[in-house]
Amino acid sequence: DQQVKQNSPSLSVQEGRISILNCDYTNSMFDYFLWYKKYPAEGPTFLISISSIKDKNEDGRFTVFLNKSAKHLSLHIVPSQPGDSAVYFCAASSTLTGTASKLTFGTGTRLQVTL
Amino acid sequence: EAQVTQNPRYLITVTGKKLTVTCSQNMNHEYMSWYRQDPGLGLRQIYYSMNVEVTDKGDVPEGYKVSRKEKRNFPLILESPSPNQTSLYFCASSLLRVSDEQYFGPGTRLTVT
């Protein structure tokens, strides 16, 4: 049972445009969400996170939006750059329950930023 | 340099031959975890450790063991590897908890024939 879903396996965006990566979750106990970026032959690297007490968090070109009622989050990258080409994973955690130490990842979205 | 190291980076082995993948971090992190990445399944958590001598199962612990005898090391042990454990494995650490920024190792690609 996939509790965190990234329904778009891939996305292609032109350089300078906005990239929007989506993530849906089913577990209503999730209250902390993170995005990780992964280049080939490397481990994932942390990008940005958001707590369920917020609906938006911004860090430079990266903004994460959380819609709790829809159980949906999205990552916006503006403007997109060729170096952003990577696989992006969203992840969720339930910090208040007995599974507070577990992290559930989505299946990833491969972003390609074209010139 | 702050980092998580894993060894070996690549390993081909045969069914049933015990193996250990080492993981070490130099950031004095309390939390450590192992994940496996498989096509179409993303990253799945195998085991995690909140601190020394405290470990617990993630979502896919079957066939794996871990130990945390000292803060910096968190080895992953496959007592009797099987072909369905062929995967890309990542070790990660974070300061205190899973919701903190996790630092990942470079990965270990394991093939079990």
- Karplus (6.51, -1.76, 1.60) ³J(HN,Hα), θ = phi - 60°, over the stretch A:12-17, in Hz, Gly and Pro reported as x: 10, 9, 7, 3, x, 8
- Karplus-derived 3J(HN,Hα) from phi for the stretch A:31-41 (6.51 cos²θ - 1.76 cosθ + 1.60, θ = phi - 60°), whole Hz, x at Gly and Pro, runs 9, 9, 10, 9, 10, 10, 10, 9, 8, x, 6
- Give the relative contact order (percent, whole number) for chain B; include only Cα pairs under 8 Å separated by 6+ residues. 36 percent
- How many percent of DSSP beta bridges within the protein assembly as shown run antiparallel, rounded to 5? 90 percent
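Bear in mind that the values in this text are calculations on the coordinates, not laboratory data. All of these numbers come straight from a predicted model, not from anything done at the bench.
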